[in-house]
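> First, the structure itself, so that you have it in front of you.
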Amino acid sequence: LKMHTIVENIQSNQKYSLLKVKIITGRTHQIRLHWSSAGHPIIGDSKYGDFELNRYLKKTYHFQNQFLHAYSICFIKPIGSLKYLQDQVITCPLPHHLEVLKNKLFHEKKLWKRFVLLYNKYKWRKEN
(Lines give C-alpha, C1' and ligand atoms only; values in the text may rest on other atoms or scores of the structure.)
Protein backbone atom coordinates (compact mmCIF):
# COMPACT_ATOMS: atom_id res chain seq x y z
CA LEU A 1 0.00 0.00 0.00
CA LYS A 2 1.20 3.47 -0.85
CA MET A 3 1.68 6.03 1.88
CA HIS A 4 1.66 9.76 1.19
CA THR A 5 2.97 12.26 3.73
CA ILE A 6 3.75 15.98 3.43
CA VAL A 7 6.61 17.22 5.64
CA GLU A 8 7.78 20.69 6.69
CA ASN A 9 10.98 21.27 8.67
CA ILE A 10 10.21 23.44 11.71
CA GLN A 11 13.62 23.33 13.42
CA SER A 12 16.78 21.27 13.00
CA ASN A 13 20.39 20.96 14.00
CA GLN A 14 23.13 18.42 13.22
CA LYS A 15 21.42 15.75 15.34
CA TYR A 16 17.65 16.29 15.42
CA SER A 17 14.76 17.63 13.39
CA LEU A 18 11.40 18.92 14.51
CA LEU A 19 8.91 18.36 11.70
CA LYS A 20 5.34 19.25 10.86
CA VAL A 21 3.81 16.24 9.14
CA LYS A 22 0.53 16.08 7.23
CA ILE A 23 -0.78 12.58 6.61
CA ILE A 24 -2.60 12.23 3.31
CA THR A 25 -3.31 8.49 3.20
CA GLY A 26 -3.72 7.69 6.90
CA ARG A 27 -2.12 4.24 7.13
CA THR A 28 -1.37 2.50 10.43
CA HIS A 29 2.00 3.64 11.86
CA GLN A 30 2.52 5.75 8.72
CA ILE A 31 4.73 8.43 10.27
CA ARG A 32 6.70 5.93 12.32
CA LEU A 33 7.33 3.61 9.34
CA HIS A 34 8.19 6.40 6.90
CA TRP A 35 10.87 7.94 9.07
CA SER A 36 12.30 4.71 10.43
CA SER A 37 12.71 3.29 6.93
CA ALA A 38 14.44 6.53 5.89
CA GLY A 39 16.96 6.11 8.73
CA HIS A 40 15.41 8.83 10.92
CA PRO A 41 13.35 7.07 13.60
CA ILE A 42 11.01 8.90 15.93
CA ILE A 43 12.47 9.52 19.35
CA GLY A 44 11.04 7.10 21.91
CA ASP A 45 9.49 4.74 19.36
CA SER A 46 9.79 1.29 20.96
CA LYS A 47 8.84 -0.61 17.79
CA TYR A 48 10.60 1.19 14.92
CA GLY A 49 12.97 3.51 16.80
CA ASP A 50 16.63 3.56 17.74
CA PHE A 51 16.81 1.49 20.92
CA GLU A 52 20.22 2.81 21.97
CA LEU A 53 19.04 6.42 21.69
CA ASN A 54 15.81 5.59 23.52
CA ARG A 55 17.80 4.07 26.41
CA TYR A 56 20.04 7.16 26.51
CA LEU A 57 17.03 9.51 26.61
CA LYS A 58 15.35 7.44 29.31
CA LYS A 59 18.51 7.42 31.45
CA THR A 60 19.50 11.05 30.84
CA TYR A 61 16.13 12.83 30.59
CA HIS A 62 13.70 10.23 32.04
CA PHE A 63 11.86 10.31 28.70
CA GLN A 64 9.74 7.22 28.07
CA ASN A 65 7.26 8.29 25.37
CA GLN A 66 7.28 8.75 21.62
CA PHE A 67 8.01 12.30 20.56
CA LEU A 68 4.87 12.37 18.45
CA HIS A 69 2.18 14.99 19.00
CA ALA A 70 -1.07 15.79 17.16
CA TYR A 71 -0.89 19.58 17.11
CA SER A 72 -3.92 20.09 14.89
CA ILE A 73 -6.80 17.94 13.72
CA CYS A 74 -9.18 19.19 11.04
CA PHE A 75 -12.41 17.27 10.42
CA ILE A 76 -13.10 17.56 6.67
CA LYS A 77 -15.89 15.00 6.08
CA PRO A 78 -16.60 13.20 9.32
CA ILE A 79 -19.20 10.44 9.28
CA GLY A 80 -21.74 9.10 11.75
CA SER A 81 -21.83 10.60 15.21
CA LEU A 82 -18.87 12.88 14.37
CA LYS A 83 -20.73 14.84 11.64
CA TYR A 84 -21.19 17.77 14.04
CA LEU A 85 -17.40 18.32 13.79
CA GLN A 86 -17.60 19.17 10.05
CA ASP A 87 -14.89 21.76 9.22
CA GLN A 88 -13.86 22.08 12.87
CA VAL A 89 -10.18 22.46 13.71
CA ILE A 90 -8.87 21.41 17.11
CA THR A 91 -5.36 22.47 18.14
CA CYS A 92 -3.24 21.56 21.12
CA PRO A 93 0.17 23.06 21.96
CA LEU A 94 3.17 20.84 22.55
CA PRO A 95 2.89 19.32 26.06
CA HIS A 96 5.32 20.65 28.65
CA HIS A 97 7.41 17.43 28.88
CA LEU A 98 7.92 17.43 25.09
CA GLU A 99 8.75 21.15 25.06
CA VAL A 100 11.36 20.57 27.79
CA LEU A 101 12.95 17.65 25.90
CA LYS A 102 12.91 19.58 22.62
CA ASN A 103 14.78 22.47 24.25
CA LYS A 104 17.35 20.12 25.79
CA LEU A 105 17.96 18.17 22.56
CA PHE A 106 18.45 21.23 20.42
CA HIS A 107 21.12 22.46 22.84
CA GLU A 108 22.77 19.10 23.64
CA LYS A 109 26.54 18.84 23.04
CA LYS A 110 26.88 15.06 22.58
CA LEU A 111 26.71 14.11 18.90
CA TRP A 112 24.26 11.48 17.77
CA LYS A 113 23.25 10.67 14.24
CA ARG A 114 20.24 12.62 13.10
CA PHE A 115 16.90 11.57 14.60
CA VAL A 116 13.47 12.94 14.02
CA LEU A 117 11.16 14.68 16.42
CA LEU A 118 7.76 14.92 14.91
CA TYR A 119 5.15 17.54 15.30
CA ASN A 120 2.31 16.21 13.24
CA LYS A 121 -0.78 17.58 11.64
CA TYR A 122 -3.61 15.23 10.78
CA LYS A 123 -6.45 15.81 8.35
CA TRP A 124 -9.26 13.33 8.97
CA ARG A 125 -11.65 12.77 6.10
CA LYS A 126 -13.71 10.07 4.51
CA GLU A 127 -11.74 8.56 1.64
CA ASN A 128 -13.75 7.66 -1.47
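> Which ones in the range 29-48 are touching a Leu at 6+ places or on another chain (Cβ under 6 Å) and more than 18 Å from I6 (Cβ to Cβ)?
I43 - this is the single residue of the range 29-48 that is touching a Leu at 6+ places or on another chain (Cβ under 6 Å) and more than 18 Å from I6 (Cβ to Cβ).
> What pairs come out if I take residues in the range 17-28 that are under 26 Å from E99 (Cα atoms) and pair them with residues that are among the small types (G, A, S) and outside any loop (DSSP other than H, G, I, E, B) whose C-beta lies under 8 Å away, six or more apart or interchain?
The qualifying pairs are L18/S12.
> A follow-up question, please. Just a yes or no: is a residue in the range 58-76 open to solvent by 60 Å² or more (accessible area, probe 1.4 Å) and more than 21 Å from K102 (Cα to Cα)?
No, the range 58-76 contains no residue that is open to solvent by 60 Å² or more (accessible area, probe 1.4 Å) and more than 21 Å from K102 (Cα to Cα).
> Given the options I10, I6, I42, I31, name the one that is touching a residue at least 24 places away in the same chain (Cβ under 8 Å), within 17 Å of Y71 (Cβ to Cβ) and surrounded by fewer than 16 Cβ atoms within 10 Å (Cβ to Cβ).
Of I10, I6, I42, I31, the one residue that is touching a residue at least 24 places away in the same chain (Cβ under 8 Å), within 17 Å of Y71 (Cβ to Cβ) and surrounded by fewer than 16 Cβ atoms within 10 Å (Cβ to Cβ) is I10.
> When the range 54-70 is examined, which residues are found to be part of a helix (DSSP H, G or I), in contact (Cβ under 8 Å) with a residue 24 or more places away in the chain and not hydroxyl-bearing (S, T, Y)?
Within the range 54-70, just L57 meets the criteria.
> What residue, of I10, I31, is of a type in the set (V, I, T) and part of a helix (DSSP H, G or I)?
Result of the check over I10, I31: I31.
The values are calculated or read from the model by the stated rules, or taken from the named source; none is laboratory data. Here the structure is a predicted model, which is why all the values come from computation and not from measurement. Ideal geometry is used to build each Cβ from the backbone, glycine not excepted, and the neighbour counts take in all protein chains shown. Areas reflect the complete protein model, heavy atoms only, side chains present, ligands, DNA and RNA absent. Shrake-Rupley method; radii C 1.70, N 1.55, O 1.52, S 1.80 Å.
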